[in-house]
Structure formats: structure tokens, C-alpha cells
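Reviewing the structure listed below.
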Amino acid sequence: MLGGGGSILLVPVLVYALGQDAHEAVTASLVIVTIAALAGGVGQAAQHNVCWRHVALFGAAAVPGILAGTAAGEIVSAEILLVVLGILMLAAAYATTRKQERHAQSDSDGRCPAIHFGREASFAAAVGFVTGLLGVGGGFVVVPVLALALGFQMRHAVGTSLAVIALTGVVGTAAHFATGRGIDPGLAFAMTAAMVVGALAGVRLGQHLADAGIARAFAGLLSAVGAYLIVSSALFGGPPG
């Protein structure tokens, strides 16, 4: 429905509710969210909300960042990973809210915006790094980048984000497996199946929301989860164990 939220909810759920190690949860989230994003992306494409040229550029430019982020994740502690994730969520929520308040969407005619290669490639590399480091498919970063920096309407940002997540998630998953990380196959299968159903339902629900409603819901989700991660990790020692 919002173009992001799968990973930023899934990593905390895997760590806090299901007791997984943060690094294990990072890898599992990539596998699960990549498949769910693919399902959601197909639904958004059917509504003509995916800007495919941007997906191709974003996916290609994100690969080096994904590899660098995966390597960095090997030397960063779980507590730091969760705090960084929380801070990024709050920043993205604030930026999305400010954007909506200004109503500064440059493609109000409903078309995909023009490609600005250098700027878009730079943002994609940064998103790739976050994907590799934190195990999040990038939706909570991609949506604000598309809407704020590249002039997408919120609806197009959501659809394009899901397609980008599916593409970068495949690369991120492969990179994580190459480092020797593993997942719980039974848990991954069960959560993937449930998230695919949820993604398809979210696409349908999102059709009935205005851009302003999508933006507010997106920012609210990021704020709530980000604040929880920061407080729990910085003040209470992070997840149990």
C-alpha cells in the first residue's frame, strides 16, 4: 500500500518478537521482502504506477552500494545497526511530511518524470548501501528519494519503489548468502506467503487513498518504528540476548 514498510517492520519483528540474531534477521528480511515486493510490484504495474526506465537505472546503480553495504554490515554491531535504521526512518518520515506540506510534486500531469542520470545514480548507490548494510529492501528510503529529490508523484513513487526493491533485493540476497549467512527456511516460507497476500491486498487498498493519505501513513509508520528502535537499542540495550 505504501511502497515501503515490509523490511522496516520485518527486521524488528524477527529480532524482537521471534528472537533472531540481528544479522540473521537482516538476511531473512531480504529474502522475504524481495518476493513480497515482486508481488506488490506486479500489482502496481497493472495500475500503471511503475516508471520502468527509473527502475532499470536505480537497479544498476545500486549494485555497487549493495556490495559495499553488505561488507560493512559484517563489522558493525547489531545495536548500531538498529539505531542507524531508526535514525534513517525518522529522517525519511520528516522529509516525506515536509514534502507533502509544500505540495511540491513536479509531475502533476501524471507522467513519470525525466531521468537525471548523475543525481539518480548517486541516490541509487546510497540506497544500495543501506540495503546491504541493514537488510531493508530500501522502500522507506526509495519512496522519499523518488518523491522528494526526483519529482515523482507519491503514487508513482510507491509503484516504482516496489519494483526497485524486488530488483535490488535479489542482488542483496545473493551478496548475503555469498558471505555465508543463512536463514530458517520454514520461517522464511511462512512469512513470505503471508506477506505476498498482504502485498496484493495493500495494492488494492492503496487505490482508494489519495496521495496525501499515502504520504501521511508512510511518515507515521516510519516515525513509530524508528522511535521504538532508537529507544530500545540506545536506552535498554537492544533486543533480548
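Structure notes:
- Positions within the range 15-35 being surrounded by fewer than 24 Cβ atoms within 10 Å (Cβ to Cβ), assigned to a helix (DSSP H, G or I) and hydrophobic (A, V, I, L, M, F, W, C), in sequence order: 17, 31, 35
One line per residue, one yes/no per condition, for (1) surrounded by fewer than 22 Cβ atoms within 10 Å (Cβ to Cβ); (2) in contact (Cβ under 8 Å) with a residue 24 or more places away in the chain; (3) not in a helix (DSSP H, G or I):
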site: 146; (1), (2), (3): no, yes, no
site: 161; (1), (2), (3): no, yes, no
site: 172; (1), (2), (3): no, yes, no
site: 181; (1), (2), (3): yes, yes, yes
site: 196; (1), (2), (3): yes, yes, no
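- Selection within the range 100-127: residues that are at pLDDT 85 or above, part of a helix (DSSP H, G or I) and in contact with a Gly (Cβ under 9 Å, 6 or more places away or on another chain). The member of this set that is nearest to residue 22 (Cα to Cα) is 126.
- Residue within the range 231-239 that is part of a helix (DSSP H, G or I) and either over 28 Å from residue 79 (Cα atoms) or hydroxyl-bearing (Ser, Thr, Tyr) (or both) present: yes
- Assessment of the range 186-197 against the conditions (modelled with pLDDT of 80 or more and within 21 Å of residue 70 (Cα to Cα)) yields at least one matching residue.
- Residues in the range 204-214 include none that are at pLDDT below 80, in contact with a Phe, Trp or Tyr (Cβ under 9 Å, 6 or more places away or on another chain) and in a helix (DSSP H, G or I).
- Residues of the range 44-59 that turn out to be surrounded by 15 or more Cβ atoms within 10 Å (Cβ to Cβ) and without any contact (Cβ under 8 Å) to a residue 40 or more places away in the chain, as a count: 0
- Look at the range 86-98: where a residue is touching a residue at least 24 places away in the same chain (Cβ under 8 Å) and a partner is surrounded by fewer than 17 Cβ atoms within 10 Å (Cβ to Cβ), sitting 6+ places away or on another chain with Cβ atoms under 8 Å, you get 86/227; 86/228; 90/227; 93/220; 97/216.
- Meets criteria (in a helix (DSSP H, G or I), modelled with pLDDT under 80 and surrounded by 23 or more Cβ atoms within 10 Å (Cβ to Cβ)) for residue 62: no
- All conditions but one from (1) of a type in the set (S, T, N, Q); (2) under 14 Å from residue 41 (Cβ atoms); (3) surrounded by fewer than 15 Cβ atoms within 10 Å (Cβ to Cβ) apply to residue 207; the one that does not is (2).
- The range 204-233 residues that are touching a residue at least 40 places away in the same chain (Cβ under 8 Å) and farther than 18 Å from residue 9 by Cα, paired with ones that are in a helix (DSSP H, G or I) and not β-branched (Val, Ile, Thr) (beta carbon under 7 Å, 6 or more apart): 211/154; 211/155; 212/100
- Residue 81 meets all of the listed conditions (1) closer than 20 Å to residue 210 by Cα; (2) aliphatic (A, V, I, L, M); (3) at pLDDT below 80 but one, namely (1).
- A search for C-beta distances below 7 Å between a residue of the range 69-80 that is in a helix (DSSP H, G or I) and any residue that is among the aromatic types (Phe, Trp, Tyr) and surrounded by 15 or more Cβ atoms within 10 Å (Cβ to Cβ), counting only pairs 6+ apart in sequence or on different chains, returns 69/129.
- Yes/no for residue 60 being among the hydrophobic types (A, V, I, L, M, F, W, C) and more than 17 Å from the chain's Cα centre (by Cα): no
The values are calculated or read from the model by the stated rules, or taken from the named source; none is laboratory data. Quantities reported herein were computed from a predicted structural model and do not represent experimental measurements. Virtual Cβ from ideal backbone geometry, glycine too; neighbours counted across all protein chains shown.
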